[in-house]
Amino acid sequence: MGTDAAVKPKMNVTIQSNIDDGPAEAAADRHRYDAAALKALTSKIAQGYGLNEHDGDIVADVLSFADTHGIDSHGLQRFQLYDAQMGNKIDPTAEAEVVVDTPVSTVIDGHRRMGQVTGRQAMDMTIAKAKKTGMAIAAVRHSCHYGAAGYYANLAAEQGLIGFSVTNTEPAVYPLYANDVWLGTNPIACAIPTRPHTFFFDASTSVVAYGKVELYSKQRKDTPAAWVVDPNNEPIYDSTDALGRLMRYDNEAGLLATGGNSEYTGGHKGYGFSVLVEFFSGIVSQGATTDRTAVGDPVEGISHGFMAIDPRIFGDADTILNNFSDYLDEIRHLHAVPGKRIYVHGDKEAEAYEDRIVNGVPLYRKTVEELRGICDKLGISYTGVLDH
């Protein structure tokens, strides 16, 4: 499963740089594009790589979920990554294989199929089993980037269940006090049906998601000192330089775990959460832990975990979820620091959705240029969608 920490695995890297060489662009200055049109175009792009219409629509649904809910790091800007990974890391015509199937558990070998498609299959099976048994869990191996972890948790919440999802990634994070990049950004997501909208928690166990560094590079903003460091634990402030070092996978730089580089600031907590994600993704699936995900030809691929729980196993579900809704509302109305607002997880995403469905999804110029280039290569028209 792993390798000796003294021997760094050789990474079979196919990712191409998407570092923005153009002018800086503030987030507020981004042009907006119709959400439905973008979603339809996304499906066509996925189909252009060889996916069928059903699977293309799933990819589009996952990426649209991120973009419409304000999770910009995991939406359409991910397509430059997918384009670079087609072939070695992603097999667009692969078929997944269910290798464990019990009343409460599932393990799927993705065989390098698009992560969104295998992830949706795993979560749909988990939800169906949880409705029968009260709770169920699944794991996926030999997969690839599956988008925002919260998408899969939210699928369960939409059907009245409590949803969880985790995933490991390719190496990007230093374990506490190590100077070998070994862990992934390893997000943990949970969604619980509440009013007025779903409680939605989706966060990396690193201090920031990898995609946030990409977004800072596109804005030409310096990264905070607590984000990216070199092997000597020195911060890298230039976001474009930081991104370039991270993308080369040769241990020039790494993200810090949540809590930073000291036990005094809680770095051991993010480190521990990340290792737990490795267990519930790479270990239980008998796939690859993060240190092995980019090894091999074809690569081992990343691993995911999923869980769904029916709140009825605890008693009256309406009472439980109403009590949680009341509790969250009490938090919202606590006394706030002057000039600040108290948010509950899911508030910002719900507000972003209301705004972007009506006013469009904001995209960086660089992201639009990348998408146009991909469409041109695949022979897909973007007229009426990205031509302004």
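The values are calculated or read from the model by the stated rules, or taken from the named source; none is laboratory data. These numbers come from a predicted model, not from an experiment. A quick note on method: Cβ atoms are made from the backbone with ideal geometry, for glycine too, and the neighbour counts reach across all protein chains shown. Accessible surface is based on the protein model in full, side chains and every heavy atom, while ligands, DNA and RNA are left aside. Shrake-Rupley method; radii C 1.70, N 1.55, O 1.52, S 1.80 Å.
Checking each residue in segment 172-213 for being in contact (Cβ under 8 Å) with a residue 60 or more places away in the chain, touching a helix residue (DSSP H, G or I) at 6+ places or on another chain (Cβ under 6 Å) and more than 30 Å from Gly160 (Cα to Cα) picks out Ala172, Pro175, Leu176, Trp182, Leu183, Gly184, Gly211, Lys212.
Beta carbons closer than 8 Å, at least 6 apart along the sequence or on distinct chains, pair a first residue in segment 255-274 that is in contact (Cβ under 8 Å) with a residue 12 or more places away in the chain with a second that is in a helix (DSSP H, G or I) and of a type in the set (A, V, I, L, M) for Leu255/Val213; Leu255/Leu246. Inside segment 278-301, can you point out the residues that are outside any loop (DSSP other than H, G, I, E, B) and farther than 12 Å from Gly184 by Cα? Within segment 278-301, Phe279, Phe280, Ile283, Gly296, Val299 meet the criteria. Would you confirm whether or not segment 369-384 contains a residue that is touching a helix residue (DSSP H, G or I) at 6+ places or on another chain (Cβ under 9 Å), surrounded by fewer than 16 Cβ atoms within 10 Å (Cβ to Cβ) and within 15 Å of Phe199 (Cβ to Cβ)? Within segment 369-384 (the criterion being touching a helix residue (DSSP H, G or I) at 6+ places or on another chain (Cβ under 9 Å), surrounded by fewer than 16 Cβ atoms within 10 Å (Cβ to Cβ) and within 15 Å of Phe199 (Cβ to Cβ)), the answer is no, since none of the residues qualifies.
Where helices (runs of 4 or more DSSP H) sit wholly within segment 20-97, those with at least 3 residues that are over 29 Å from Arg141 (Cβ atoms) occupy 35-48.
Mind counting the residues in segment 82-91 that are out of contact with any Ser or Thr (no Cβ under 9 Å at 6 or more places or on another chain) and open to solvent by 30 Å² or more (accessible area, probe 1.4 Å)?
Filtering segment 82-91 down to residues out of contact with any Ser or Thr (no Cβ under 9 Å at 6 or more places or on another chain) leaves 82-83, 90-91.
Subset that is open to solvent by 30 Å² or more (accessible area, probe 1.4 Å): 91.
The total comes to 1.
Checked against (1) in a helix (DSSP H, G or I); (2) surrounded by 15 or more Cβ atoms within 10 Å (Cβ to Cβ); (3) out of contact with any Asp or Glu (no Cβ under 6 Å at 6 or more places or on another chain), Arg245 passes all but condition (3).
In the set His142, His111, which member is at positive phi, modelled with pLDDT of 95 or more, crowded, with 24+ Cβ neighbours inside 10 Å and not in a helix (DSSP H, G or I)? Before you say what the answer is, go through the steps one by one.
Working: His111 fails: crowded, with 24+ Cβ neighbours inside 10 Å.
Sole residue among the options that is at positive phi, modelled with pLDDT of 95 or more, crowded, with 24+ Cβ neighbours inside 10 Å and not in a helix (DSSP H, G or I): His142.
Filtering segment 242-291 to residues that are closer than 20 Å to Tyr177 by Cα and aromatic (Phe, Trp, Tyr) leaves Tyr249, Tyr264, Tyr271, Phe273. I'm checking my understanding of the structure. Among residues of segment 302-323 that are of a type outside the set (Val, Ile, Thr) and part of a helix (DSSP H, G or I), which one is nearest to Cys144 (Cα to Cα)? This residue is Pro311. Residues that are at positive phi and either without any contact (Cβ under 8 Å) to a residue 60 or more places away in the chain or assigned to a helix (DSSP H, G or I) (or both): does segment 346-362 have at least one? For segment 346-362, residues at positive phi and either without any contact (Cβ under 8 Å) to a residue 60 or more places away in the chain or assigned to a helix (DSSP H, G or I) (or both): absent. Can you tell me which residue in segment 102-151 is nearest to Pro193 (Cα to Cα), limited to those that are among the hydroxyl-bearing types (Ser, Thr, Tyr) and over 15 Å from the mean Cα position of the chain (by Cα)? Filtering first and then ranking leaves Thr126.
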